[in-house]
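We did not get these values from a lab; they are worked out from the coordinates using the rules stated. Note that the coordinates shown come from a computational prediction; the quantities given were computed from them, not determined experimentally. Glycine gets a Cβ as well: all are built from the backbone with ideal geometry, and neighbour counts include every protein chain shown.
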Amino acid sequence: MINRRIFNLCKDSKKYIFLKVLTTWIALVCNISIIMIIGSGLEKVLQGSYLPSGSYALAVFALLTIRFICNIYSSKFSGLAAARAKYTLRQSIYQKLLRLGSEYVNSISTSNTIQIAVEGVEALDTYFSNYLPQLVYALLAPLTLFTALSFISVKVALILLISVPLIPISIIAVMRLAKKRFDNFWGSYTDLGHTFLENLQGLTTLKVYDIDHHRQQKMNDQAENFRKATMKVLSMQLNSINVMDLIAYGGAAAGIVFALLEFKAGLISPGALLVIILLSAEFFLPLRLLGSFFHVAMSGIAASDHIFRLLDLKEPNSNLEMSLPVPTSVLMTMQQVFFTYDQQREVLRDINLTINKGSFTALVGPSGSGKSTIAALILKFYRAERGEIRFHNRDIADLAPTVLAEKISLLAANSYIFGGTILNNLLMAKADATQTELARALQHARLAEFVEKLPDKMDTEVGEGGCLLSGGQRQRLALARVLLADRDFIIFDEATSNIDIESESQIWQAIQDLVGKKTILAITHRLRSIASADQIYVLDKGSIAESGNHQSLLSNGGVYAQLWLEQQALENIRK
Ligand SMILES: Nc1ncnc2c1ncn2[C@@H]1O[C@H](COP(=O)(O)OP(=O)(O)O)[C@@H](O)[C@H]1O
Ligand SMILES: [Mg+2]
């Protein structure tokens, strides 16, 4: 009934939960006292004795005031308990995501993360604000009432007290059923969220292929599943509340019937009877309320499973080295590296490669052979399954991602350009860039002439995702950004795919300008562009098939030579 882990995680809330129970309990004691005063007043009136009405009214008024204040504070404390807990949970999730870094995508989808952090945490609101305090109060209240009523009639007090546990028994009975239904509910909710986000991100593609109807149908189906799961949860909640009502009011009725019998037998006075009638329902109401909170709290507990699954994800080494490695002549090595995305299909097998400082290295091979995966491993977007990747002779597993980011940059195909101006996009790479540096980067990226002709120059808005620029201009702007960042090691991963021929050759010229000044890793399937590289690695189906420079690879007569001949033939046809 109590999830110890959540409770312990949200230590700050304990104090407020205690205060909430205390204030609710004081309010109950006031209530009992008021009813007892009224009962004894009635007694006095019936006996015809003198009634000190002034002091009675004063006492009732004072108790009502205390009860009123307690009720206000009680709801204030329950709000605070929930707010503290939600804050702590969101902080934990946020910190966890920071520690996971970019690797989080390996283990959990973005839509799932968002749902967990927003709705998942929100679902625990009732758990802290109402359920936990009520759990304690529901034990305390019947005992308090029992003590009070036992002064009037021990028998009736006992009957009421004994019927009280029927409510938790009925709660436990529905608990098993509830757990499964809540799991279903959360499962279908995250499914729907995932499809929704994916459809939104791929809307253009769906429209292009005119298959948005199909995807809409899928989303409708999932929405329908979600609706059904929600309805099941709601109907269960409603039905179990009916059962609890039956027990609560039935129990109170039994107590009242017994009190009437005792009254008839002359064992209790009319005033005592009134007190019993007014208080008997109070025995059951706290537990009944607990029952209704219980279902909402269960939804929170189901959500907490998802929260803990996220919090329990294995983290990369936390004692990461923050200092920059001492430069060595070998900039990067991969030693017997193996990698898989899904633990099933090996994407990289026994990769060994060496990138010397200041060299021009190329990685070529057919599409899907694992070239981009190698770049991702170098940048620590993923972790190698086996083997070692060393940067300046230091295992990158021990280096903080920021250290690598300070030394390495990547220009991939379709680089992202942010909404805003050309200048904003450039300054991302170097916030304090001078005018000279900016101009030089644009010049180098063969973009200066274009920018010069714009009326607003560098202050020109590029639109969301750079939509006001052509593909080639976008990519050259991204190149200028990379050049401005001025990292030692630059990886170009198919940097000229999907753009016009002119931009393509301009970008290759820009890369050639860097040769000798920077360490370059060029990934491409177009061999002609990298024929001058110092070292070429040919990747085939996840392994390095051969390596060497252009001449030696040609004379090898292997995969490279064959690819070269094919591409030459293709170029000849084009000409
Ligand atoms: N995020 C991913 N999850 C699962 N498999 C992937 C992922 N990215 C790439 N792959 C698979 O890994 C293989 C290598 O992909 P990639 O490195 O992108 O190839 P290349 O860049 O050489 O075209 C491909 O078979 C691809 O399907
Ligand atoms: Mg690729």
Above-threshold pairs, the threshold being 31 Å between Cα atoms, out of Lys96/Lys180; Lys207/Lys314; Lys207/Lys518; Lys518/Lys541; Lys314/Lys407: Lys207/Lys314; Lys207/Lys518
Positive-end extreme of charge dipole, the stretch 290-362 - chosen from Tyr341, Met298, Thr354 (charges on Cβ): Thr354
Alpha-carbon centroids, the stretch 1-53 and the stretch 178-192: separation in whole Å: 38
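What order do you get for 508-521, 292-305, 353-366 when each peptide is scored by the mean count of other beta carbon atoms within 10 Å, highest first? Could you put the intermediate results ahead of the total?
Numbers: 508-521: 17.2, 292-305: 21.9, 353-366: 20.3.
Taking the mean over residues of other Cβ atoms within 10 Å, the ranking is 292-305, 353-366, 508-521.
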Segments 536-544, 248-256 sorted - mean Cβ within 10 Å per residue, highest first: 536-544, 248-256
q = 0.07, 0.10 Å⁻¹: log10 I(q)/I(0) that the Debye formula gives for the stretch 4-311, counting C-alpha atoms only: -0.41, -0.71
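Using a Förster distance of 22 Å, how high is the FRET efficiency between Ala223 and Lys180, based on the Cβ-Cβ distance and rounded to 0.05? Walk me through the numbers before you get to the answer.
Working: r = 21 Å, r/R0 = 0.96.
So the FRET efficiency works out to roughly 0.55.
Report D for the stretch 330-574 in µm² per second (integer): Stokes-Einstein, Kirkwood Rh on Cα pairs, 10 °C, 1.306 mPa s. If you can, show how the numbers build up before the last one.
Working: Rh = 18.9 Å.
Stokes-Einstein gives a translational diffusion coefficient of 84 µm²/s.
Might you report the magnitude of the Cβ-based charge dipole of the stretch 274-420 about its Cα centre, with Lys and Arg at +1 and Asp and Glu at -1, to the nearest 20 debye? Intermediate values should be presented prior to the final figure.
Working: 13 positive and 13 negative charges, 78 e Å.
That gives a dipole near 380 debye.
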Theoretical gain in end-to-end length, Arg386 to Glu437 [0.36 nm per residue, Cα-Cα removed]: 14.2 nm
Computed label-point distance, nm, for sites Asp513 and Leu46 using a 7 Å Cα→Cβ extension: 10.3
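To the nearest 0.05, what FRET efficiency results for Asp488 and Lys541 with a Förster distance of 30 Å applied to their C-beta separation? Could the numbers behind the result be given before it?
On the way: r = 31 Å, r/R0 = 1.04.
With R0 = 30 Å, the Cβ-Cβ based efficiency is 0.45.
What ranking do Arg394, Arg227 get, fewest neighbouring Cβ atoms within 10 angstrom at the top?
Working: Arg394 17, Arg227 12.
Placing the least packed residue first, the sequence is Arg227, Arg394.
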Summed residue charge, Cβ within 11 Å of Glu437's Cβ, Lys/Arg positive, Asp/Glu negative: 0
Computed E for Leu311/Val29 - FRET, C-beta separation, R0 56 angstrom, nearest 0.05: 0.90
Interchain or long-range residues, amide H under 5 Å from Ala362's placed H: Ala522, Gln535, Ile536, Tyr537
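Among 122-135, 469-482, how do they line up by average Cβ neighbours within 10 Å per residue, starting with the highest? The partial results should precede the final answer.
Values: 122-135: 24.3, 469-482: 22.5.
Averaged packing, sorted descending, gives the order 122-135, 469-482.
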Cα coordinate range in the chain, projected on the principal axes (Å, largest first): 120, 50, 48
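Quick one: if you take sqrt(5λ) for each eigenvalue of the C-alpha gyration tensor of the stretch 464-575, what semi-axes come out, biggest first, whole angstrom? Each step should come with its number before you reach the end.
Values: eigenvalues 145, 66, 30 Å².
Here the semi-axes work out to 27, 18, 12 Å.
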In nm, spacing of pseudo-spin labels at Val208 and Ser235 (7 Å Cα→C-beta vector): 4.5
Where chymotrypsin sites (Phe, Trp or Tyr not before Pro) fall in DSSP loop in the stretch 405-457, at most 15 other Cβ within 10 Å: Tyr416, Phe418
The stretch 408-419 - phi-based ³J(HN,Hα) in whole Hz, Karplus 6.51/-1.76/1.60, Gly and Pro as x: 10, 10, 10, 10, 9, 5, 6, 4, 7, 10, 8, x
Most positive-pole-ward Cα, Thr190, Ala62, Leu46, against dipole of the stretch 4-311 from beta carbon charges: Ala62
Fully extended contour minus Cα-Cα distance, from Gln216 to Thr354, at 0.36 nm per residue: 44.8 nm
Residue list for the stretch 412-442, given a label point 7 angstrom along the Cα-to-Cβ vector of Asp456 and an amide N cut-off under 15 Å: 418-426
Total charge dipole magnitude, the stretch 330-574, about the Cα centre, Cβ charges on Lys, Arg, Asp, Glu only, Debye to nearest 20: 320
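In µm²/s, what is D for the stretch 117-211 at 20 °C and 1.002 mPa s, where D = kT/(6 pi eta Rh) by Stokes-Einstein and Rh is the Kirkwood radius from Cα pairs?
Working: Rh = 18.0 Å.
The diffusion coefficient I find is 119 µm²/s.
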Net dipole in debye of the chain [+1 Lys, Arg Cβ; -1 Asp, Glu Cβ; about Cα centre; nearest 20]: 1740
DSSP H segments from the chain that extend 24 Å or more along their own axis, Cα-based, with Kyte-Doolittle mean of -0.5 or above: 12-47, 53-100, 132-150, 166-201, 212-264, 270-311
Linear extension gain, Asp395 paired with Gln567, 0.36 nm per residue minus alpha-carbon span: 58.2 nm
